[in-house]
Amino acid sequence: MNGPATGRVPGNAGTRWIEYALLLAVVVIAVLPLAWRGTSCGQDFDFHFENWLEVHHAWQQGVFYPHWAASANYGAGEPRFVFYPPLSWMLGAALGSILPWKWTPLAFTFLAFLGAALSLRAMAQEWMSREAATIAGCLYAANPYMLFVAYERGALAELLAATWLPLLVLFALRRKPAAIPLALTTAALWLTNAPSATMGCYLLAGLLIVAALQQHSWTLIRRALQGVPLGLGLSAFWLIPAVYEQCWVQIHRAIGPLMRVEDSFLFHPAHVFGPSPTSDEAFATAYHNGVLHIASWIALALIIAAAVTAALARRQRSRLWAPLVIAAAAITALQFRWSDFLWHLVPKLQYLQFPWRWMLVLGMIVAVLAGLALSPKTPSNRAAPSALPTRRPSSARTLLYRSVAILLIATGVASLAAAHFWQECDEDDNISAQIATFQDAGFPGTDEYTPEPADNGEIQQGRPPLRVLTSPDAETAENGDNPDYQPDPAAEVPAQIKVSRWSAEQMSADVTSPRNAFAVLCLMDYPAWRITKNGSPISDASVRSDGLVVIPITAGRNQIEVRWVTTRDAWTGRGISLAALAVTLAIGLNDKRKARAIPLR
């Protein structure tokens with residue numbers, strides 16, 4: 001082989017340090033508002049920061065992979081980590097273990113932006129010059145939707161998922177074999193953010209179909225049919241329980257009013273609460289519509305940018321052009337109300353909640369098309385890799401130097417926009433207040449992770465860990481707005497209670513009661529809890545409307561033990577992941593042996 005194995009156009013080695021300095025400078029400028037003004041308390045920031053605190057605390061208790069968020073529902077907990085992918089909360093907890101908590105959001109955001117820039121650059125180099133790929137990486141990291149996600153929304157897992165999307169495209173469409181990298185990237189995407197993974201899989205399918213028709217070859221599809229299932233298998237330890245155990249929680253509440261696709265099409269404000277909404281409903285609607293207005297303008301800007309860069313990049317005759325342009329057109333179509341039937345027809349697409357979430361993908365497409373437009377023109381769409389022209393070093397250096405000034409100015413403007421998106425923390429949302437709340441009363445629950453058939457709004461704030469009562473439904477709340485705990489002396493049984501352990505996934509107590517009664521724990525019931533009394537499993541537990549664990553006790557001493565156990569679906573997921581890992585290693589070793597067997601020329 002006389003030329004490189006891909007369409008990559010080499011650049012001048014002397015400019016490499018400038019390229020990395022440019023990437024770093026763009027990322028630093030993009031996160032500068034966080035260093036300057038402090039944490040941005042966007043819509044989802046509280047949720048992610050609570051996750052980091054929970055996981056860090058679980059690690060201190062010796063639980064490496066937690067499943068239960070103990071501080072949710074004001075100390076009654078919820079199975080949040082069964083359903084929410086682990087990479088983002090593990091990274092946040094790891095950073096919090098070595099940095100002050102006030103610095104952790106800044107470090108997390110910096111790493112997410114840097115990962116996005118580097119991965120886009122790595123992907124783009126397969127089809128364009130290194131200098132143009134660097135510019136594309138900068139544009140991807142600093143595009144307005146990324147800044148919107150980081151500052152306005154605080155959707156830090158989605159921000160982190162931006163690292164994997166370019167690699168998904170790279171390993172799906174590159175010429176040389178990449179089934180194992182594709183599998184690893186697929187697994188990483190699913191283990192970071194489920195909505196982004198859903199978008200990634202549909203994007204991958206569309207790109208592969210277009211590429212196969214374009215190239216009259218099924219090679220790329222055969223690779224994907226090997227790599228994607230393997231990636232799903234690698235992530236099965238989380239994915240199988242997350243899918244199977246949805247029937248144990250109220251997952252449908254994730255797409256309630258103002259969280260449905262039909263409420264968030266571009267420039268279509270939502271009106272879902274009727275002519276006379278309550279003050280809370282009116283405030284929520286106004287806030288939602290304000291965010292939608294911003295997201296709509298960002299989406300419109302990216303759609304226009306996609307059209308312009310597609311026109312400029314068409315002269316390249318790159319095989320990457322058609323798949324990306326068709327994907328951009330499909331994403332654009334999904335932003336408007338007429339596409340509503342598709343959102344409900346295509347499996348799981350409605351769980352994206354907001355159509356403009358696709359801007360994460362469109363921002364990547366715009367960056368790549370911009371890079372293609374800046375690359376040297378290829379003579380033919382079917383040219384061999386070795387026939388691709390290389391840009392002269394002086395020309396490459398000139399391109400890079402000019403781009404440095406343009407990109408730094410553009411990123412500075414973007415950073416000012418990010419400062420506009422920046423959300424001030426109130427007294428309850430700042431880092432110190434959240435840490436204090438975590439250590440004290442706990443946080444509200446997440447509706448979609450509430451175990452069936454409970455109403456988590458009935459859980460009272462400040463409830464003690466264990467109460468011995470005359471009836472299983474005593475001391476339930478009279479309203480569903482998480483009222484303060486009000487003990488009922490008439491329902492209390494004068495028992496001796498000694499709680500010897502109360503950790504995230506194990507609780508032990510010794511209760512001595514003068515008569516038969518009911519021990520009510522400040523703990524949400526869930527099928528993964530193994531509850532024993534005096535060493536025997538409980539089979540006659542009652543059900544409360546607030547979902548708390550109820551254990552019938554007898555007169556005398558009762559030793560109560562509650563422990564999280566691995567359910568069958570979790571064992572199945574772990575087994576599939578281990579099998580997928582074995583297959584991955586076997587394929588990798590086989591590919592390495594084949595590579596060594598090829599004689600050098």
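Structure above, values below:
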item: Within segment 539-571, tally of residues that are of a type in the set (Val, Ile, Thr) and touching a Pro at 6+ places or on another chain (Cβ under 7 Å); result: 2
item: Condition met for LEU225 (assigned by TED's automatic domain parsing to the domain that holds ALA157, without any contact (Cβ under 8 Å) to a residue 12 or more places away in the chain, aliphatic (A, V, I, L, M) and part of a helix (DSSP H, G or I)); result: yes
item: Residue match in segment 460-483 (condition: charged (D, E, K, R) and at pLDDT below 90); result: yes
item: Residues being within 19 Å of the chain's Cα centre (by Cα) and closer than 18 Å to ARG174 by Cα - total across segment 119-145; result: 2
item: Neighbours by Cβ (under 6 Å, 6+ apart or cross-chain): first from segment 29-47, under 11 Å from ALA150 (Cα atoms) and in contact (Cβ under 8 Å) with a residue 60 or more places away in the chain; second polar (S, T, N, Q) and surrounded by fewer than 18 Cβ atoms within 10 Å (Cβ to Cβ); result: SER40/GLN423; CYS41/GLN423; GLY42/GLN423
item: Within segment 164-212, tally of residues that are under 25 Å from ALA329 (Cβ atoms), β-branched (Val, Ile, Thr) and touching a residue at least 24 places away in the same chain (Cβ under 8 Å); result: 5
item: Conditions (1) surrounded by fewer than 24 Cβ atoms within 10 Å (Cβ to Cβ); (2) in contact with a helix residue (DSSP H, G or I) (Cβ under 8 Å, 6 or more places away or on another chain): number failed by GLY92; result: (1)
item: Selection count where residues are in a helix (DSSP H, G or I) and farther than 26 Å from TYR151 by Cβ, scope segment 271-280; result: 1
item: Test: residue in segment 230-245 that is assigned to a loop (DSSP other than H, G, I, E, B) and surrounded by fewer than 19 Cβ atoms within 10 Å (Cβ to Cβ); result: no
item: Residue satisfying condition, being at pLDDT 95 or above and among the small types (Gly, Ala, Ser), within set ALA541, ALA528; result: ALA528
item: Residue match in segment 289-301 (condition: at pLDDT 95 or above, in the same structural domain as GLY42 (by TED's automatic domain parsing), assigned to a helix (DSSP H, G or I) and more than 26 Å from GLN43 (Cα to Cα)); result: no
item: Whichever residue in segment 162-205 is under 20 Å from VAL149 (Cα atoms) and of a type in the set (Gly, Ala, Ser) and, among such residues, is farthest from the chain's Cα centre (by Cα); result: GLY200
item: Out of GLU475, GLU492, sole residue that is over 25 Å from VAL249 (Cβ atoms) and not small (Gly, Ala, Ser); result: GLU492
item: Residues that are of a type in the set (S, T, N, Q) and in a helix (DSSP H, G or I), drawn from segment 311-351; result: GLN316, THR332, SER339, GLN350
item: Criterion violated by ASP473 - all others in (1) in a loop (DSSP other than H, G, I, E, B); (2) buried (at least 20 other Cβ atoms within 10 Å of the Cβ) satisfied; result: (2)
item: Set GLY573, GLY588: member being under 30 Å from PRO181 (Cβ atoms), modelled with pLDDT under 95 and within 30 Å of the chain's Cα centre (by Cα); result: GLY588
item: Qualifying positions in segment 327-380 - among the hydroxyl-bearing types (Ser, Thr, Tyr) and closer than 29 Å to ARG121 by Cα; result: THR332, SER375, THR378, SER380
item: Enumeration of residues in segment 202-229 that are surrounded by 14 or more Cβ atoms within 10 Å (Cβ to Cβ) and β-branched (Val, Ile, Thr); result: ILE209, VAL210, ILE221, VAL228
item: Residue count for segment 576-585, restricted to those that are closer than 15 Å to PRO181 by Cβ and of a type in the set (Val, Ile, Thr); result: 2
item: Hey, ARG515 surrounded by 12 or more Cβ atoms within 10 Å (Cβ to Cβ) and either touching a residue at least 60 places away in the same chain (Cβ under 8 Å) or in a strand (DSSP E or B) (or both) or not; result: no
item: Residue satisfying condition, being touching a residue at least 40 places away in the same chain (Cβ under 8 Å) and either in a strand (DSSP E or B) or not assigned by TED's automatic domain parsing to the domain that holds TRP248 (or both), within set ARG530, ARG593, ARG563; result: ARG563
item: Segment 107-136, subset modelled with pLDDT under 95 and among the hydroxyl-bearing types (Ser, Thr, Tyr), residue nearest to THR411 (Cα to Cα); result: THR134
item: Those residues of segment 444-495 which are small (Gly, Ala, Ser) and within 30 Å of ASN51 (Cα to Cα), in sequence order; result: GLY445, ALA454, GLY457, GLY462, ALA477, GLY480
item: Considering residues of segment 138-181 that are of a type in the set (D, E, K, R) and assigned to a helix (DSSP H, G or I) only, the residue nearest to ALA582 (Cα to Cα); result: GLU158
item: Selection status of LEU220, closer than 24 Å to GLN350 by Cβ and of a type in the set (A, V, I, L, M); result: no
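Yes/no per residue for (1) within 25 Å of VAL82 (Cα to Cα); (2) polar (S, T, N, Q); (3) in contact with a His (Cβ under 7 Å, 6 or more places away or on another chain):
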site: LYS533; (1), (2), (3): no, no, no
site: VAL550; (1), (2), (3): yes, no, no
site: ASN558; (1), (2), (3): no, yes, no
site: ARG563; (1), (2), (3): yes, no, no
site: SER577; (1), (2), (3): yes, yes, no
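The values are calculated or read from the model by the stated rules, or taken from the named source; none is laboratory data. The structure displayed is predicted, hence computed values, not measured ones. No Cβ is skipped: glycine too gets one built from the backbone with ideal geometry, and neighbour counts run over all protein chains shown.
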